[in-house]
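Below is one structure, written out as structure tokens; the observations come after it.
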Amino acid sequence: MKTNLKTTTVKDIAYLINTSCLRADRGASLEKLADMLCVSDRYKVYLEADNRQLIGVIQAKQIAMKILELSRQKDDEQEMLPAIAYVLNFQCGGDLGEPPVTVQAETSLKQVLELMDQNQIREIAVVDAENHLVGTLEAKNILAHYLHAKAETSL
């Protein structure tokens, strides 16, 4: 096992890539995305174009913040509930999604961790040469790999 963050690449730790990440079409309604998030242990949905290219990411907190914003704008429940229903049904992931932060198989773990730090994220999308989502890599898994590899070399 490699312990050098500069020379170890995403490909070297491919077994740590989570391929069960949530994916949806960029046109999926916020309600569908919220449902996906509520029944999983994930907090992000990766948005794909028709050709399966990764084009965005939306977090549970973005949907929640949109609902909170509406609740502050409306005075009573009779106004608020239809507004929330409208947003959930007629706005799509592409409306709120952010550009994804991505890496490829050749990216060093040092670069991965720097990107995570710069973007204040704990999970990063791994894409192939055509920008198709392969899976995600979490900071905690990189740390676990590093600690395990270091422990093996010290034995």
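The values are calculated or read from the model by the stated rules, or taken from the named source; none is laboratory data. All figures in this text were calculated on a predicted structure; none of them were measured in a lab. Cβ: placed from backbone, ideal geometry, glycine included. Neighbour counts: every protein chain shown.
Quick one: how many residues across segment 99-118 are free of Cβ contacts under 8 Å to residues at least 40 places away in the same chain, loosely packed, with under 14 Cβ neighbours inside 10 Å and either among the hydrophobic types (A, V, I, L, M, F, W, C) or more than 22 Å from Lys61 (Cβ to Cβ) (or both)? Here the count works out to 1.
In segment 130-144, the condition of being at pLDDT 95 or above and loosely packed, with under 15 Cβ neighbours inside 10 Å is met by at least one residue. Just checking, does segment 82-98 include any residue being more than 25 Å from Ile63 (Cα to Cα), surrounded by 15 or more Cβ atoms within 10 Å (Cβ to Cβ) and either within 22 Å of the chain's Cα centre (by Cα) or touching a residue at least 12 places away in the same chain (Cβ under 8 Å) (or both)? Checked segment 82-98: no residue is more than 25 Å from Ile63 (Cα to Cα), surrounded by 15 or more Cβ atoms within 10 Å (Cβ to Cβ) and either within 22 Å of the chain's Cα centre (by Cα) or touching a residue at least 12 places away in the same chain (Cβ under 8 Å) (or both). Among the residues making up segment 36-49, those that are of a type in the set (D, E, K, R) and modelled with pLDDT of 95 or more are Lys44, Glu48. Tell me, please, whether a residue that is within 20 Å of Leu33 (Cα to Cα), loosely packed, with under 12 Cβ neighbours inside 10 Å, touching a Gly at 6+ places or on another chain (Cβ under 9 Å) and touching a residue at least 24 places away in the same chain (Cβ under 8 Å) can be found in segment 119-129. No: segment 119-129 contains no residue that is within 20 Å of Leu33 (Cα to Cα), loosely packed, with under 12 Cβ neighbours inside 10 Å, touching a Gly at 6+ places or on another chain (Cβ under 9 Å) and touching a residue at least 24 places away in the same chain (Cβ under 8 Å).
On inspection, Ser20 fails the criterion of being of a type in the set (S, T, N, Q), surrounded by 15 or more Cβ atoms within 10 Å (Cβ to Cβ) and either farther than 18 Å from Leu137 by Cα or under 12 Å from the mean Cα position of the chain (by Cα) (or both).
Is it the case that some residue within segment 135-150 is of a type outside the set (Val, Ile, Thr) and closer than 23 Å to Leu30 by Cβ? Looking for residues that are of a type outside the set (Val, Ile, Thr) and closer than 23 Å to Leu30 by Cβ, one finds none in segment 135-150, hence no. Taken as a whole, segment 5-18 holds no residue that is in contact with a Pro (Cβ under 6 Å, 6 or more places away or on another chain), modelled with pLDDT of 90 or more, under 20 Å from His132 (Cβ atoms) and not in a helix (DSSP H, G or I).
Within segment 56-71, at least one residue is modelled with pLDDT under 95, within 14 Å of Cys92 (Cβ to Cβ) and among the aliphatic types (A, V, I, L, M).
For segment 35-54, the tally of residues that are surrounded by 17 or more Cβ atoms within 10 Å (Cβ to Cβ) and in contact (Cβ under 8 Å) with a residue 24 or more places away in the chain stands at 7.
State yes or no: is Ala34 of a type in the set (A, V, I, L, M), in a loop (DSSP other than H, G, I, E, B) and over 12 Å from the mean Cα position of the chain (by Cα)?
So Ala34 does not fit the description; no.
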